[in-house]
Amino acid sequence: MNLAVRDIRRHKIRFLLTCVGLGLLLTVVMAMSGIYRGLINDATEVVDATPAQIWVVQKDTRGPFAESSRLPEDIEYSISAVKGVRRASPVSFQYVQIQRGNKPARLFLIGYKLGGIGGPPAIAAGRTITKKHYEIVVDRKSGYAVGDTIRLGLEAYNVVGLTRGMTSPSGDAAAFVSLADAQIIQFQLDNDAIRNNRQRVIATFTALNSMNPFMREKATNKALAAAENSHFANAIVAELDDASLAPEVARYIRRWNHYQVFSAEQERELLLKGFIEKSQKQLWLFRTILVVVSGVIIALIIYTLTMDKLREIATLKIIGAPDRTIVNMILQQSLLLGVMGFAVGYVVITQTYAMYPRTVLLQTLDMVVLFAIVVVICVLASILGIWRALKVDPATALSGG
Amino acid sequence: MEVVRVDNLTKVYGRGDTQTVALVDANLRVQQGELVALLGPSGSGKTTLLTSICCINEPTRGRIELDGTCVYDDGWTGVDVRAVRRQKMGVIFQAYNLIPFLTVLENVALILTLNGVGQQEAQGRALELLEYLEMESRWQRYPSEISGGERQRVAIARALANNPKVLLADEPTAALDTARGKIVMSLLRKLSREKEAAVIVVTHDERMVEGFDRIYNIADGRIQ
Ligand SMILES: Nc1ncnc2c1ncn2[C@@H]1O[C@H](COP(=O)(O)OP(=O)(O)OP(=O)(O)O)[C@@H](O)[C@H]1O
Ligand SMILES: [Mg+2]
């Protein structure tokens, strides 16, 4: 017969409620571990999904994610020509605020050159983009389905395909369009704004009376074209013949003194530092506090359960039960509480993690580590009760009825 | 063979003004198969002597020997007294001291499993004992679900379960009517005869004294 279980049956309600409470606490701990894994995953999603070893960005910036970066799209050709580079391709990134139904939503818009690097890594439904304009692939997380249309800027885009799990570093659903469309969405002005800009340019040149009229008109047109040029990208990504060439290629391009160059690994680090370092500390703090609270709860309940049976413990001593029997009884109750709490937490989190607004990645390793911590906490938490039980004078059982 | 031997046992409770001398140079010898009574008025030191013998009450000085092992000699000798109780002693106290979260059967079987007897065998032997005490119909009940006299019989069954060499019973009949008390006494007598146990029964009930091999009278902590 198991004394631990027999005793607990007397306090079924108290025990089960504690298990549930503890289980919910552990659910939060599990969720936080999952969110932390999700943060890392989201933060590096784009870099990991892009088959490039080199990221070229605007000089003196840490772009394109941690800082804004802008550079002409045509430098892809100079970069493609570098020894060791298999192919290079311009990419653009921007957040767009859209209206889905009557709720505002954010999309992380990735512009890529069709046939180049940086497009959707895998299509979960529909197809990838094949036409240069008005086609979009969005992540399923956005809630859109193939066949929907999304209004971006002045145009409507047809959803032709869906990805699964592609997010921005901060967890917003990603969407892919052609670089040309992305540039239009980012730079195209409405008619009033264009007219305004033109008038300003023309007015500036008209004021230059010293210029000969023919030259002035030429210059005005050139200036207008320059002002309306939107052939920019946020980064040029390059795929190398061999990943090990990355440091060499980066050093070479840096010597041009026009661009900043990062390896994919460095981009990842920038993202992790920029997006999750603080959250990571916060999550650690919360998890530690919750684990300590769980320990205190276990210790308290085990202590009160022990206090409730001091007389029985004294009786066990009188009939000659060794300390081992008494310690086992209390320790088993503590472990039972912890294991049942863990089970409750596990069931709750596995049933609910998909409903969290943030990506929650449950990893077996995290679960195993948490389980081990719970076991250790249970052992520690039972010490107080065990200490009290071992101190009980067997004569206690003789007084009173 | 002497199973219980108490020499010059003295117990003083408390200190200074509140000091109570409960036992004064008490001497007691009980043989194997002997049934002795400890008779005396309230407050004379009977319980003190019994709890000292089963090592749950520390005497002030003197000597206690159980089944040839000295457990107290002006101080505990360091013998594992809980193992001694578990293996060689049966105790029945007035409060019965059943474990409330175990059934009648489990209360009796527990002492056997503590001694390393397997679950099946322990329950079998416990059931036999309960039958012997006419308690077999109550084996599934919890202590709170049976009467006082039935609890007393379960406590007796438990005390007998490990075939003890020494059985200590503190006023096992005090709360019972005469008829029930006589049944309990006859059971204790039977134990000393059939199982060769040294049985010490504390009582201040003069009705129960017939049939003892020896009667010790105790007054003001002195055994006459
Ligand atoms: N824990 C204690 N602390 C102080 N004094 C005690 C304690 N236990 C017993 N005494 C005192 O020791 C004396 C002997 O007590 P004991 O319990 O041995 O008597 P008893 O013969 O068993 O009496 P009863 O027949 O009423 O049970 C009494 O005067 C009692 O007041
Ligand atoms: Mg007494």
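What the table below lists for this structure:
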| read-out | value |
| --- | --- |
| Tally, over the range A:50-108, of residues that are among the small types (G, A, S) and part of a loop (DSSP other than H, G, I, E, B) | 8 |
| Residue check for B:Q19: within 30 Å of B:Q123 (Cβ to Cβ), open to solvent by 20 Å² or more (accessible area, probe 1.4 Å) and more than 14 Å from ligand 2 (Cβ to nearest atom) | no |
| Evaluation of B:G62 against (1) open to solvent by less than 20 Å² (accessible area, probe 1.4 Å); (2) within 16 Å of ligand 2 (Cβ to nearest atom) (one fails), failing number | (2) |
| Residue identified as touching a helix residue (DSSP H, G or I) at 6+ places or on another chain (Cβ under 8 Å), outside any loop (DSSP other than H, G, I, E, B) and within 14 Å of chain B (Cβ to nearest Cβ) among A:I8, A:I40, A:I35 | A:I8 |
| Per-region count, the range B:40-56, residues within 6 Å of ligand 1 (Cβ to nearest atom) and surrounded by fewer than 21 Cβ atoms within 10 Å (Cβ to Cβ) | 3 |
| Among the candidates A:V344, A:V348, A:V339, A:V292, residue that is open to solvent by 70 Å² or more (accessible area, probe 1.4 Å) and in a helix (DSSP H, G or I) | A:V292 |
| Test result for B:L129, open to solvent by less than 70 Å² (accessible area, probe 1.4 Å) and within 13 Å of chain A (Cβ to nearest Cβ) | no |
| Among (1) away from ligand 2 (no atom under 16 Å from the Cβ); (2) open to solvent by less than 30 Å² (accessible area, probe 1.4 Å); (3) in contact (Cβ under 8 Å) with a residue 60 or more places away in the chain, the one test that B:K88 misses | (2) |
| Residues being buried (at least 20 other Cβ atoms within 10 Å of the Cβ) and touching a Lys or Arg at 6+ places or on another chain (Cβ under 7 Å) - total across the range A:103-119 | 1 |
| Failed item, numbered, when A:Y95 is tested on (1) touching a Ser or Thr at 6+ places or on another chain (Cβ under 8 Å); (2) closer than 22 Å to A:V261 by Cβ; (3) open to solvent by 10 Å² or more (accessible area, probe 1.4 Å) | (2) |
| Residues being within 16 Å of ligand 2 (Cβ to nearest atom) and of a type outside the set (D, E) - total across the range B:156-175 | 6 |
| Elements of type helices (runs of 4 or more DSSP H) contained in the range B:21-140, each with 2 or more residues being closer than 29 Å to B:R193 by Cβ and β-branched (V, I, T) | B:46-53, B:81-88, B:104-114 |
| Total residues in the range B:163-175, condition open to solvent by 20 Å² or more (accessible area, probe 1.4 Å) and not charged (D, E, K, R) | 3 |
| Residue count for the range B:180-224, restricted to those that are β-branched (V, I, T) and either under 13 Å from B:L167 (Cβ atoms) or in a loop (DSSP other than H, G, I, E, B) (or both) | 6 |
| Filter result for A:R100 (assigned by TED's automatic domain parsing to the domain that holds A:L240, surrounded by fewer than 17 Cβ atoms within 10 Å (Cβ to Cβ), out of contact with any Lys or Arg (no Cβ under 9 Å at 6 or more places or on another chain) and at pLDDT 90 or above) | no |
| Per-region count, the range A:306-327, residues buried (at least 17 other Cβ atoms within 10 Å of the Cβ), assigned to a helix (DSSP H, G or I) and not hydrophobic (A, V, I, L, M, F, W, C) | 6 |
| Among the residues listed as A:E217, A:E248, the single one being in a helix (DSSP H, G or I) and not assigned by TED's automatic domain parsing to the domain that holds A:P90 | A:E217 |
| Candidate set: the range B:22-59, residues that are of a type in the set (S, T, N, Q) and more than 13 Å from every other protein chain (Cβ to nearest Cβ); chosen: the one farthest from ligand 2 (Cβ to nearest atom) | B:Q32 |
| Residue match in the range B:161-172 (condition: part of a helix (DSSP H, G or I) and either hydrophobic (A, V, I, L, M, F, W, C) or modelled with pLDDT under 90 (or both)) | yes |
| Any hit, the range A:355-362, residues being assigned to a helix (DSSP H, G or I) and touching a residue at least 40 places away in the same chain (Cβ under 8 Å) | no |
| Tally, over the range B:75-121, of residues that are of a type in the set (A, V, I, L, M, F, W, C) and facing chain A (nearest Cβ under 9 Å) | 15 |
| Complete set of residues in the range A:96-129 that are of a type in the set (K, R) and touching a residue at least 12 places away in the same chain (Cβ under 8 Å) | A:R100, A:R106, A:K113, A:R127 |
| The range B:198-211 residues that are over 18 Å from B:Q94 (Cβ atoms), paired with ones that are at pLDDT below 90 (beta carbon under 6 Å, 6 or more apart) | B:G211/B:R189 |
| Subset of the range B:92-130 [under 21 Å from the mean Cα position of the chain (by Cα) and acidic (D, E)] | B:E106, B:E128 |
| Residue match in the range A:280-289 (condition: surrounded by 16 or more Cβ atoms within 10 Å (Cβ to Cβ), β-branched (V, I, T) and either more than 22 Å from the chain's Cα centre (by Cα) or more than 30 Å from A:R9 (Cα to Cα) (or both)) | no |
| Complete set of residues in the range B:198-224 that are modelled with pLDDT under 90 and within 15 Å of the chain's Cα centre (by Cα) | B:T203 |
| Residue within the range B:8-19 that is within 14 Å of chain A (Cβ to nearest Cβ), more than 18 Å from the chain's Cα centre (by Cα) and either away from ligand 1 (no atom under 16 Å from the Cβ) or more than 28 Å from B:V184 (Cβ to Cβ) (or both) present | yes |
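Residues checked against (1) open to solvent by 60 Å² or more (accessible area, probe 1.4 Å); (2) within 14 Å of chain A (Cβ to nearest Cβ); (3) more than 16 Å from ligand 2 (Cβ to nearest atom):
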site	(1), (2), (3)
B:G181	no, no, yes
B:M185	no, no, yes
B:L191	no, no, yes
B:A197	no, no, yes
B:V201	no, no, no
B:R207	yes, no, yes
B:E210	yes, no, yes
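Let's see how each residue does on (1) within 34 Å of the chain's Cα centre (by Cα); (2) within 14 Å of chain B (Cβ to nearest Cβ); (3) not small (G, A, S):
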{"site": "A:G345", "(1), (2), (3)": "yes, no, no"}
{"site": "A:A354", "(1), (2), (3)": "yes, no, no"}
{"site": "A:P357", "(1), (2), (3)": "yes, no, yes"}
{"site": "A:V369", "(1), (2), (3)": "yes, no, yes"}
{"site": "A:V376", "(1), (2), (3)": "yes, no, yes"}
{"site": "A:A395", "(1), (2), (3)": "no, yes, no"}
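The values are calculated or read from the model by the stated rules, or taken from the named source; none is laboratory data. Please read these numbers as outputs of a predicted model, since none were measured by experiment. With ideal geometry, Cβ positions are generated from the backbone for all residues, glycine too; neighbour counts draw on all protein chains shown. The accessibility values were calculated without ligands, DNA or RNA, using every heavy atom of the protein model including side chains. Shrake-Rupley method; radii C 1.70, N 1.55, O 1.52, S 1.80 Å.
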